[in-house]
1. Would you please put B:49-58, B:259-268 in order of how densely packed they are, using the mean number of other Cβ atoms within 10 angstrom per residue and starting with the highest?
2. Let me know the charge dipole size of chain B about its Cα centre in debye, to the nearest 20, where only the beta-carbon of Lys, Arg (+1) and Asp, Glu (-1) is charged.
3. Let me spell out the model: positive unit charges on the Cβ of Lys and Arg, negative unit charges on the Cβ of Asp and Glu, origin at the Cα centre of chain A. What dipole size does that give, in debye rounded to 20?
4. Output wanted: per-residue J couplings in Hz (rounded whole) for segment A:256-269, from phi through Karplus 6.51 cos²θ - 1.76 cosθ + 1.60, θ = phi - 60°, x for Gly and Pro.
5. Amide H neighbours of A:Tyr276 under 5 Å, at least 5 residues apart or on other chains, H built in the peptide plane: list them.
6. As I understand it, the dipole of the protein assembly as shown uses +1 on the Cβ of Lys and Arg and -1 on the Cβ of Asp and Glu, about the Cα centre. Which of B:Ala110, B:Leu171, A:Gly125 lies farthest toward its positive end?
7. Hey, got the average number of other protein chain Cβ atoms within 10 angstrom for residues in B:276-283?
8. Could you compute the FRET efficiency for B:Ala197 and A:Phe74, with r as their C-beta to C-beta distance and R0 at 51 Å, rounded to 0.05?
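The numbers here are math on the coordinates, done by the rules we state, and not lab data. It should be emphasised that the depicted structure is a prediction, and the values quoted were computed from it without experimental measurement. Glycine gets a Cβ as well: all are built from the backbone with ideal geometry, and neighbour counts include every protein chain shown.
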Amino acid sequence: MQPGAVQPGAVQPPAAEPAAFLKRQTLQIGDSILSWSVRLLSLLALAAVVLMLVETAVRASPLFGAQSPLDLIFGLNWDPSTLAYGGLPFIYGTLVTSSLALLFAVPLALGAALLINEYLPRRVGVPLGHAIELLAAVPSVVYGFWGVVVLVPLLVPAQQAIAGSPLGALPPFSGPTYGPSYLAAGLILAIMILPIVTAVSRDAMAATPRLQREAALALGATEWETVRHVVLPFARGGIFAGIILALSRAIGETIAVLFVIGNQPQVNASILAPGYTLPSVIASEFAEANQPFHTEALIALGVVLFVMSFAVNIAARRVVSRFEARSGGADVR
Amino acid sequence: MSADSRPTGKPRPIGEPRRIAALRPTQAGRRRADRLVRGVCLLAGALAVLPLVMVIAFLLVEGLRAWSPAFLVTPPAGLTSPGGGALHAILGTVEMVGLALLIATPLGLAVALYVVEYRAGRLAIVVRTAVDLVAGIPSIVIGLFIYALVVLTMGHFSGLAGALALALIMLPIIARTSEEMLKIVPRRLREGTMALAMPRWRAIASVYLPTVAAGITTGIVLAVSRAVGETAPLIFTALGSNFVQPDLGQPMSALPLYMFQNALNIGFPAARERAWAAGLTLVAIVLAFNLLGRWLSSRVAVGGTRQ
C-alpha cells in the first residue's frame, strides 16, 4: 500500500479485494475445468474397460444356451461341424507350452543375468544386456515366421532322435513326430521371454547394496558364494516378479505360437506332438467361424484366457508386494 | 562352507585364527565351485544369445535379399503373384497407430493426473486398477473385446476398430509412465508452486508437465513401438486389405498384419519374400522407436528430473 493512499477516518471500499476475488474465481474455474475433464476422461477409460468386459460376456453367452460352461472348460472334443465345443485341448496346450517356456528360459536367463552383472567386465556386459533387452521389442509375428522357417526344420531330426531313443518309450517323448509341436512352441516362447526374465533379474540383482556385497567378499567369500548368499536372496523377489511377468506373456502369446504348434485340437501327452493353445485357436479360427455358436465359443475361450492371465497378474502383484515388504523396497516392477 | 571337513588330529598352533584353519581344507573345493558356476553362466549366456543372434541374422540376410526401397512405395500384388510392396500396409500402420496415439495420449495423461494430482479417493484407485488390468490382458483378448464392442456394433471390420484396439494397448503404458514421472516431480518444485499460490491447473500446465515432459514422451514413444508391432489385436478388428486405401472406416492393412498374411502362405516363394521384407521393415521401425525411447529416458536420468 502506498503511503498516503488511505486517508485516516475515511470509509474506503477495500480497493484491492474485488480484483483479487475476481482473479481467484477465474483461477478456480480453470482448476475445476481441468479437474473435471481429467475426471471425465478417466471415467471414460474406466467405462470403456467395463463396457468391453460386459459386451464380451454378452456376446459369448448364447453358447451357454447350447452347452454347459463346464463342457467348454473340461470338454475334450472340439469339432465345430458337429457343434462340439470342448476347450480342454487349448487350455492344456496353453499350460504345457508356457511351462516348457519357463523351464527352458528361466535357467538360461538367470545364467545370462549373472554373467552380465557379475562376471563380464562392464564394457562387455552392459552393451550385451542392452542388446538382449532390445530383442524383447521384436514383434511376435517375426519370431513366429522365423520359427516356422528356421526352428521347426532344425527341430525335426532332433525330435525324431528323441522319439527313437529309449526315452521315446516314455509318454512325454513318444512319437510320431512331425515338427510343429508343443516343444517347438515352448522353444519359441522361451526365446521370446528370455529377454524379459534376463532384464528384470538383472535389475533386481544390480539393486543389491554394494556394502553387503563387499562385506561378503571381505569375509573371504568367493564370487559364487557372494552371489549365492547375498545377491540371490536379495534379488529373489525381483526374479520371481520377472518370471511371473514372463509367464503372463507366454500365456497370452498368439501369433508366434500359431505358426509352430501344428494347430491340432487334441490333448496329447507327448511334447513332440502337435497341439493348440487358447490364443492361437482364437486367432486362426475366428475368420472362418461359420458354424452356429463357433464365434461365441471362440469369444468364450477368450474369456477363459482373460481369467487365466488375470489370475497370473494377481499372483504377480501378491508376490511383488510380499517381497517388497520383506526386502525393503527393491525396485521389482 | 562346511566346517566338518576340517581335518582333525593336527594340533592348531596357538595364535592362528580358528576360522582360517577351518576354511583352508575346503579352499580348493570352493574355488572349483566358483569356476564351475562361472562356466555354467558363460554357457547359459551363450545359449541365451544364440537364438537371438540367429533371429536377427536370418532377418538381415533373408530380409535384405527381398527388400528394396521400392518395397515401401509399391502397392500390393495378389497374395500368390510375385512382386508387390507394402505401401498399403505402411499407410495403414501410420494411420491406425496415429489415431491410436491421439486417443491414448490424452486418456493416459488424464488417468495419470487424476491418480497423482487429483487423488479423489476410491474412484481414482478404481480407475487406476482398471487401467492396470488392461495392461495384463493378452493382446488377442483386447482384439476380441473390440470385435465384440465395435465391429459387431458397426457391422463391419474397419481401421477405426484396429486403432481403438491399439489405443487400448498403448493406454496403460502411457498412463503408467506418466504416473511414475509425475510422482518424481521434485518436492521443492511442488512447494514452490504452493508458495506462489498457483492454482493446481496452472502448476500442472506450466511446472509439473514441462518438468517431466521428456519422461512422458519416453512412455509415448515406447507405447508406439509396442503398438506398431502388434498383429493379434488387428486380425479381427482391422482385418487387413489388399488395396491402398486411406479410409479408416474400411478394413485396413498394417505392416505386422501384412507380414502375418504372407507368412501364412510360405508355400509361395513370392509371399515368403514379402514376409521377410515386411519383417525387416517392421523390426527396423520398432527398434528405431525403441532406441529413441531409451535415448530419451537416458536423457531424463541425466537431466536431473529424476533426483
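1. B:259-268, B:49-58
2. That gives a dipole near 2180 debye.
3. Numbers: 17 positive and 17 negative charges, 188 e Å.
So the dipole magnitude of chain A works out to roughly 900 debye.
4. 4, 5, 3, 6, 10, 8, x, 6, 10, x, 9, 9, 10, 5
5. A:Gly93, A:Gln264, A:Gln266
6. A:Gly125
7. Mean partner shielding for this stretch: 3.
8. Working: r = 65 Å, r/R0 = 1.27.
E(calc), rounded to 0.05, equals 0.20.
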